[in-house]
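Input: a single structure, listed below in C-alpha cells.
We did not get these values from a lab; they are worked out from the coordinates using the rules stated. Because the structure is a prediction, the values reported are computed rather than measured. Glycine also receives a Cβ, built like all others from the backbone with ideal geometry; neighbour counts cover every protein chain displayed.
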Amino acid sequence: MQRIGFLVYPGFQTMTLAALPVFECANFPPNERRYDVRVLSEDGGLVRSSSGLTVYTEAWGDPSFDTLIVGAKTVPEPTAPATVSFIQESAKASRRLASICLGAFVVADAGLLNGRRATTHWKHAASFKARFPAVIMEEDRIFVVDGNIWTSAGMTAGVDLALAMVEEDMGADVARSIAKLLVIYHRRAGGQSQYSALLQLQPKSDRVQSALAFAKQNLNGQISVEQLASVANLSVRHFRRAFKTETGHSPTKAVEMLRVEAARLMIEQGRYPLKTVAKEAGFEDHERMRRAFIRAFGRPPQSFQRSGHSESA
C-alpha cells in the first residue's frame, strides 16, 4: 500500500486538502486498497487553518513516503527550518514530492526546485520568480511534473494533480471513474492554461450561459449570432445587447476567445498538427487562427507548439 502524506502547518489553506478525496475514492471497490493517506504536521495534534477550521494531524516522523504533498498558506511566508529539513529528507526517501499552490514556495525554500520546471498560483508567480531565480517558473500551467517533483497551480489544481498521480499509478480508466464520482466536469491536463475564457466572460444570466455552453460544445462548426440568440430564446437584437452588457464582449468576439482557448490546449498537448487544430477549433484556416492568437496573446500558435513539445520531451 502506498503512503500518501499531506503536510500542513498552522494557518494552512483548507483547499489544500481538496486533493485528498481523490486518493480516498481510489480505494473504493472494486479497486484494491492502494493508498494509506495521512495528514501530517511537525508536532501532530490539532492544527488550525486560515479559516479557523482545525484538523487532526499526525507528527510527521518517518520521512519515507510514496508521495508527500506539501500544502499551502494563503500568502507565501518564510519556511520554518524544521519543515525545510523534513521536506529535504522526504525528497530523498520518497518516490514523489508534490506541492499545491503556494506550497511551491516551501519546496523551493528547501532548495529542491533549483534548475527544475515548476508552477504555482498565477497571482504569486512574479514574486516567486524574483525570490527563486534558479527555478524555471511556468506560471500558466495547471500542474508541472519535473522528474519526481510535481507542482500545481491554485488550490483546485491540486485535484487535477492528484488525478494525474492516480492515472500514473492505476491507469486512465480509474482516474476517469474517480473524476466522474467526484462530479468533476472536465479533467484538466497539466499543460492546460490557468486562463479560462468562460471565467473571463463571466456570464450572469442563465440565457447567456446557455448560449456560451452551446458555443463551447460546437466550436468545430459554424456558430452564428442567430443560433446563439435562438439558444438563449431571445431576439437577435436583444441577445446582442444582453450579451455585451453581461460579458463586455460581442458574441462574435466571445466565440473567438473560446476557439483560441480550445486551440491553445490542443497545441500544448502536442498531439495534432496546426492545420488539424485550426479545423477542430472552428477556424476556417490556419491563417485565421494565427491572427486570432496574435490578437489574444501577441504570439503565434507556433510559439505554444514549441512550449508543448518541450514539456513532453
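Observations, loosely collected:
- Each residue of region 79-84 was assigned a 3J(HN,Hα) from its phi angle through the Karplus expression (A = 6.51, B = -1.76, C = 1.60, θ = phi - 60°), giving 8, 4, x, 5, 5, 4 Hz with x at Gly and Pro.
- If only the Cβ of Lys and Arg carry +1 and only the Cβ of Asp and Glu carry -1, the dipole of the chain around its Cα centre is close to 1360 debye.
- Residues whose amide H comes within less than 5 Å of that of Gln2, counting only those at least five positions distant or on another chain, are Tyr35, Asp36 (H built at 1.01 Å from N in the peptide plane).
- Estimated from helical segments only, the mean residue ellipticity of the chain at 222 nm is -14000 deg cm²/dmol, where each DSSP H run of four or more residues counts as -39500 (n - 2.57).
- Pairwise centroid distance, computed over Cα atoms, of region 137-185 with region 38-70, Å: 21 Å
- Crossing angle, helix 157-170 versus the chain [Cα axis fit, 0-90 degrees, rounded to tens]: 70 degrees
- Pairs with C-alpha atoms separated by more than 23 Å, drawn from the list Lys123/Lys279; Lys216/Lys244; Lys129/Lys216; Lys216/Lys253; Lys204/Lys244; Lys92/Lys180, are Lys123/Lys279; Lys129/Lys216; Lys92/Lys180.
- Computing volume of the Cα convex hull per residue in Å³ for the structure here picks out one of [x] 157; [y] 139; [z] 149, namely [z].
- Counting only DSSP beta bridges with both residues in the chain, the antiparallel share comes to about 30 percent.
- With all projection directions averaged, the alpha carbon convex hull of region 45-158 covers 6.8 nm².
- In the chain, the longest principal axis of the Cα atoms and the axis of helix 206-217 are about 90 degrees apart.
- Segment Arg34..Thr74, full-extension length gain: 11.3 nm, with 0.36 nm per residue of separation and the alpha-carbon distance subtracted.
- Here's how it looks for Trp150: its modeled amide H is under 5 Å from those of Leu97, Ala98, Ser99, which are all 5 or more places away or on a different chain.
- For region 2-181, share of DSSP beta bridges that run antiparallel, in % to the nearest 5: 30 percent
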